[in-house]
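A short write-up of the structure that comes next.
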Amino acid sequence: MAAPKKKLSQAEQDRIIKRILATEKTDHTRKIVIGSVLGAAVCGLIAFIDQIGSLDVFFEPIDWIIFALIVVFAPYGFYVSTKERNVREIETRLPDFLRDVAEAGRFGMTLADSIVVASTGRYGRLTPEIKKMSAQIEWGVPASEAIRLFSERVKTPLVIRMASIIRKANDAGGNVADVLTMVSHDAKEAILTQEERNVTMSTYVMVVYISFFVFIATILILNLQFLPKMEEAGNTVNEAAQDLGLSEIPGVNIKVEVIDQVAFVFLLAVVVHAVGDGLLAGVIQKGSIPIGMRHSSIMLLSGWLMLRVLFA
């Protein structure tokens, strides 16, 4: 007959929990933000040196400013988007895990034993987190504490709410299996509601992208058709004035020299739209500005390629 597990003292539990927290996967947000800021500063410095004429590079200062914005937005935006997608996949499989734990509990197992048994299943991206909980329980960490550590790792409103309910039910005693079944159904309903909202909001995000690319198409038409015709007409008027011995023809004056400035203003308008529309798309889609930074970087790169590379 196997010997019963020795109950750990509170000091031993605290030492184990500290060791677990020390080995948890670190958050790279700080490193990414610092790297992005340094990269943007380098791009800004190059733009400044190029503007004062001390450096002759292929790109113009406005290009380096666009690069700086992309460096600021893209790494952090894509990193947060990846974390959000991973968390969403974890939440999607959470009801299945809770249902299996509840089924194990109906056979008389404790919550800790039910989690250990359920850890042998396959739950996609949730599987590593379940195995961590199982390992912590086997090390002597109480089931409630292992669930709390899990909620702190994932740290979403749904997981935190579910973990809080399960911990309180386990501490209060009684039939935890019924509580787990209820929580599983509640989590499933919340996930389905969120998925329906995402489908609806994705339509509005698509509208934002379409409006942005329509704006770029308008700018391209102006740059490729309208401004060259205006420059041609201005040169014709200036030549006619010179033939008449006049500096300009009264009532007919087209300042050709400002056409390049108008094209530059169009480019700035695209940059402003890319940043603003991207952030708006993120708020509409997920209610998150970091998610919008990913959209902004995509729009900035698309606008730069179209205006400065493909149709320059």
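Between Glu89 and Ala172, the FRET efficiency from the beta-carbon distance, with R0 = 51 Å, is close to 0.95. Descending by average beta-carbon neighbour count within 10 Å, the peptides 293-304, 146-157, 208-219 line up as 293-304, 146-157, 208-219, the highest first. Overall, the anisotropy analysis places region 38-185 in the prolate class: the square-rooted eigenvalues a ≥ b ≥ c of its C-alpha gyration tensor yield a/c not less than 1.5, with a/b exceeding b/c. Modelled this way, with points 7 Å down the Cα-to-C-beta line, the labels at Glu257 and Thr193 are 6.4 nm from one another. Residue ranges 271-277, 113-119 sort as 113-119, 271-277 when ordered by packing (mean number of other C-beta atoms within 10 Å per residue, highest first). Taking each residue as 0.36 nm, the span from Glu152 to Val309 lengthens on full extension beyond its C-alpha to C-alpha distance by 51.9 nm. May I ask you to list the residues of region 56-88 whose amide nitrogen lies under 17 Å from a point 7 Å from Cα along the Cα→beta-carbon direction of Arg125? What the label zone holds, given the 17 Å backbone N cut-off, is 76-88.
The Cα-based radius of gyration and maximum Cα-Cα distance (Dmax) for region 109-186 are 11.6, 31 Å. Listed here are the pairs Lys229/Lys255; Lys155/Lys188; Lys132/Lys286; Lys31/Lys131; which of them are more than 22 Å apart at the Cα? Beyond 22 Å between Cα atoms: Lys132/Lys286; Lys31/Lys131. Over region 26-90, the reciprocal of the mean inverse Cα-Cα separation, the Kirkwood hydrodynamic radius, stands at 13.1 Å. 3J(HN,Hα) along region 130-144, derived from phi through the Karplus expression 6.51 cos²θ - 1.76 cosθ + 1.60 where θ = phi - 60°, amounts to 5, 5, 5, 4, 4, 5, 5, 5, 5, 6, x, 6, x, 4, 4 Hz, with x in place of Gly and Pro. Tell me which residues come under 5 Å, amide H to amide H, from His28 once H is placed; ignore anything under 5 positions away on its chain. Residues meeting the criterion, in which the H sits 1.01 Å from N, do not exist here.
Working note: Karplus 6.51/-1.76/1.60 with θ = phi - 60° gives region 30-44 the couplings 4, 4, 5, 5, 5, x, 5, 5, 5, x, 5, 5, 5, 4, x Hz, where Gly and Pro are set to x.
We did not get these values from a lab; they are worked out from the coordinates using the rules stated. The model shown is predicted, which means the values in this text are computed figures rather than measured ones. Ideal geometry is used to build each Cβ from the backbone, glycine not excepted, and the neighbour counts take in all protein chains shown.
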